[in-house]
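Asks: Next up is a structure, given as structure tokens.
The values are calculated or read from the model by the stated rules, or taken from the named source; none is laboratory data. Model, not experiment: these values are computed from the prediction. Here the Cβ is made from the backbone with ideal geometry for all residues, glycine too, and neighbour counts use every protein chain on show. When the accessible area is computed, the model is the full protein with side chains, heavy atoms only, and any ligands, DNA or RNA have been set aside. Shrake-Rupley method; radii C 1.70, N 1.55, O 1.52, S 1.80 Å.
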Amino acid sequence: ARTEPYRTYQNLSTSTTPWVIGTGESYVFFVEKDVTINGNITITGTGFIAFIARGNIKIAPTVGGAHTTTTPVLEGIYITDSSFTTGLSSVAGKERLNAKGMFIANSFVMERNLDSVNQNPRYAAEYFEYNPRLLVTMPEEMKAVPYTWQEVAP
């Protein structure tokens, strides 16, 4: 596990190789530009991962699963000042995006659909599930809320 966050002033792209964040591992990425997620990111045990970006967070079409799956392929905390884009569902067998965690954005662009498997009326192309466990496993520095108290003369 890394105790210091990663910081980059460039665009950040993950590899297509799946990331599995295990117990005791903690990763926080501060990105001044765009983030592109090119492979699955999952958490086991008490693992933790967060991406905090000024630019867009984009999910590649290769990140996903079959339209019937409920297994998350994207986990963690994703925060952006810009848009969170789910990516077109153009890869067979990867049509549906199942995400579990916390997702905060100025706007969400839901691009996926299940037309290719004729399942739009029966299944959601994007499925987001809240994971409150991340509030417990996040680094202590992320839990601190700074307050400034100042007495004002009557």
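Asks: Would you mind finding the one in 65, 76 that is modelled with pLDDT of 95 or more, in contact with a strand residue (DSSP E or B) (Cβ under 6 Å, 6 or more places away or on another chain) and not polar (S, T, N, Q)?
Replies: Only one candidate qualifies: 76.
Asks: May I pose another question? Being surrounded by fewer than 17 Cβ atoms within 10 Å (Cβ to Cβ) and hydroxyl-bearing (Ser, Thr, Tyr) is the filter here, so list the residues in the stretch 83-92 that pass it.
Replies: 83, 90
Asks: Same structure again: Regarding residue 76, is this residue small (Gly, Ala, Ser), assigned to a loop (DSSP other than H, G, I, E, B) and out of contact with any Cys (no Cβ under 8 Å at 6 or more places or on another chain)?
Replies: Judged against the criteria, residue 76 is not a match.
Asks: Taking residue 58 as the residue in question, decide whether it is closer than 21 Å to residue 11 by Cα, of a type outside the set (Ser, Thr, Tyr), open to solvent by 40 Å² or more (accessible area, probe 1.4 Å) and part of a strand (DSSP E or B).
Replies: yes
Asks: Counting residues that are in contact (Cβ under 8 Å) with a residue 24 or more places away in the chain, surrounded by 13 or more Cβ atoms within 10 Å (Cβ to Cβ) and not β-branched (Val, Ile, Thr), which strands (runs of 3 or more DSSP E) fully inside the stretch 1-47 reach at least 3?
Replies: Output list reads 26-31.
Asks: Filter the stretch 111-154 for residues that are assigned to a loop (DSSP other than H, G, I, E, B), among the aliphatic types (A, V, I, L, M) and in contact with a Phe, Trp or Tyr (Cβ under 9 Å, 6 or more places away or on another chain) and give the result.
Replies: Once the filter is applied, which keeps residues that are assigned to a loop (DSSP other than H, G, I, E, B), among the aliphatic types (A, V, I, L, M) and in contact with a Phe, Trp or Tyr (Cβ under 9 Å, 6 or more places away or on another chain), the stretch 111-154 yields 114, 138.
Asks: Next question, about the same structure. Residues of the stretch 82-99 being part of a loop (DSSP other than H, G, I, E, B) and modelled with pLDDT of 95 or more, which ones?
Replies: 82, 86
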